[in-house]
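The values are calculated or read from the model by the stated rules, or taken from the named source; none is laboratory data. Fair warning: this is a prediction, and the values are worked out from it, not measured in the lab. Note: ideal-geometry Cβ built from the backbone for every residue, glycine included; neighbour counts use all protein chains shown.
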Amino acid sequence: MPWGGPAPSHARWLLAILGVAIVMMSTGAQAETPPPEEPAQLRAEADLLFKRMLVRPDDLDAAFRFAEIEARLGDYEAAIGALERMLFYNNNLPRVRLELGLLYFRLGSYEMARSYFETAVAPNTPAEVRARVATFLAEIDRRLAANQFAFFAQTGLRHQTNADAGPDSDVIRVIGQDATIASQFRRRPDWNGFVSASLHHAYDFGDQRGDVWESDVTAYYARQFKVEDLNLGLIEASTGPRFGLGQGVGLSLHPYVLGNGVSLADRPYFGTLGGGVSLRYDTGFGVTLEPDAEYRARGFSNSTPYPNADDQDGDEAVVALGASGALPVQGLGWQGRLSYTDDAARYHPYAYEQFGIDLALPYQFATPITPGRTWTLAPFASLLDVSYATPDPIVDPNIKRHDQVYRVGGTLDTQLWQNFGFALTVEYDLTHSTVINYRTKDFVVSGGPTVRF
């Protein structure tokens, strides 16, 4: 897209998101399945093993290989049948009981999964297997409870090379003329201490469709060491039902309402009321699609550090498509999101249209440092294309602002002991803009202890 060109219409962005959704739905099966020749080879091997089991039903090696292939091909019921026949001939097979627990867990048959997990543990069971079983049993208890809670919190330190988003150049535009930037607006590095927390609650109505009521609360506060006008606080809550649309189709609808409050420089900055709706679809091929639409009405508050904050008063509408799945490498997944934002503002130069692309590749792996616990390494990248409605005469009446923001980085989330861990994030941000005032770069490192329940 050329710099300073006309902003794309709503229809074009909506059609673009819809087109990508159709492509992802049509190709989703490729995200987790083996190469084209491999399923046929596996199916042929499974057929031969099945015939062998008919002749020799006590051949445990053939039965276990048959179950392994059927599980890989996604036919969990066939794998369960083979493994349960193995127990008929030899009831003392803890490994088979463990595999049956995992298969029933994947099918959502949690009571059956629990019975096999509990009988898979013996006095001589290795500690890492015991830890794995304990994790699954705790998750089963959580999923079977009518009230289900999930909590995550982190505290730590963050360093930014450009904490105040100061421009790269010492020369900026003011009323269409070049000017030397004042010292208080130059880019400044800074540290902050932060704390963040999120709480998710789901109440299970216990019906056959799987209807639940979901609520989320998120809180965040960061206090700068030097640039105190950027002390930032946030609290946001959302709540609404999630309706299952038919049994066994992997489809649910989640309408919700939301509200938040944001502080800047330890003073009220803006508040939001709104709502949205999302549709979640588990395709059955290891890919989950989640389109959503959201509306927010925002009101800003003026303060001594930000006397004209209410120029940003206006509504915000967002449509997006999220997707996630697994890749054909053990422990490796992918997450993506396309979004379009239409942000109105009372002062028209602050209004904008934004198109965003986000991608992450989370990789879960075990380490000898913490046996039985997984760590997650998640490289990520994003692109924001932001086109403002009109030129800002205070900056330059002849140039309409158009930004492209690039972000790359990665997060390492470790589980060290019980529910405690440590998370580290490294990120680099680069902003290109048609207006020199907004060309910035920033390198960010943050980390600190975590807790999750």
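Observations, loosely collected:
- Residue count for segment 178-210, restricted to those that are modelled with pLDDT of 90 or more and polar (S, T, N, Q): 3
- From the list S263, S278, S198, S252, the one residue that fits, being free of Cβ contacts under 8 Å to residues at least 40 places away in the same chain, closer than 24 Å to R143 by Cα, crowded, with 16+ Cβ neighbours inside 10 Å and of a type in the set (S, T, N, Q), is S278.
- A122, sole failed condition from (1) within 23 Å of R85 (Cβ to Cβ); (2) part of a helix (DSSP H, G or I): (2)
- Within segment 287-315, being acidic (D, E) and either crowded, with 18+ Cβ neighbours inside 10 Å or touching a residue at least 40 places away in the same chain (Cβ under 8 Å) (or both) holds for D292, E294.
- Residue selected from segment 334-375 under the condition over 21 Å from T411 (Cα atoms) and among the aromatic types (F, W, Y), by the criterion surrounded by the fewest Cβ atoms within 10 Å (Cβ to Cβ): Y347
- Count - residues of segment 424-453 that are of a type in the set (A, V, I, L, M) and crowded, with 18+ Cβ neighbours inside 10 Å: 1
To keep it simple, each residue is scored yes or no on (1) outside any strand (DSSP E or B); (2) in contact with a Leu (Cβ under 7 Å, 6 or more places away or on another chain); (3) not assigned by TED's automatic domain parsing to the domain that holds P393.
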{"position": "S303", "(1), (2), (3)": "yes, no, no"}
{"position": "V318", "(1), (2), (3)": "no, no, no"}
{"position": "S324", "(1), (2), (3)": "no, no, no"}
{"position": "P328", "(1), (2), (3)": "yes, no, no"}
{"position": "G356", "(1), (2), (3)": "no, yes, no"}
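- When segment 125-172 is filtered for residues that are in a helix (DSSP H, G or I) and either within 30 Å of R223 (Cβ to Cβ) or among the aromatic types (F, W, Y) (or both), only F136 remains.
- Residue under evaluation R242, criteria (1) surrounded by 15 or more Cβ atoms within 10 Å (Cβ to Cβ); (2) under 22 Å from D315 (Cβ atoms), criterion not met: (2)
- Taken over segment 280-298, residues that are more than 16 Å from the chain's Cα centre (by Cα) and in a strand (DSSP E or B) amount to 6.
- Scanning segment 160-195 for residues that are among the charged types (D, E, K, R) and in contact (Cβ under 8 Å) with a residue 12 or more places away in the chain turns up D164, D168, D170, R173, R186, R187, R188, D190.
- The criterion of being among the basic types (K, R), closer than 27 Å to G284 by Cβ and in contact (Cβ under 8 Å) with a residue 60 or more places away in the chain does not hold for R114.
- Of all residues in segment 348-375, those that are farther than 19 Å from A127 by Cβ have Cβ atoms under 7 Å from Cβ atoms of residues that are aliphatic (A, V, I, L, M) and not in a strand (DSSP E or B), 6 or more apart or on another chain, in H348/A389; P349/A389; A351/A344; A351/A345; A351/A389; Y352/A389; E353/A7.
- The set of residues in segment 81-96 being within 21 Å of Y110 (Cβ to Cβ) and either surrounded by 22 or more Cβ atoms within 10 Å (Cβ to Cβ) or under 30 Å from the mean Cα position of the chain (by Cα) (or both) consists of L83, V96.
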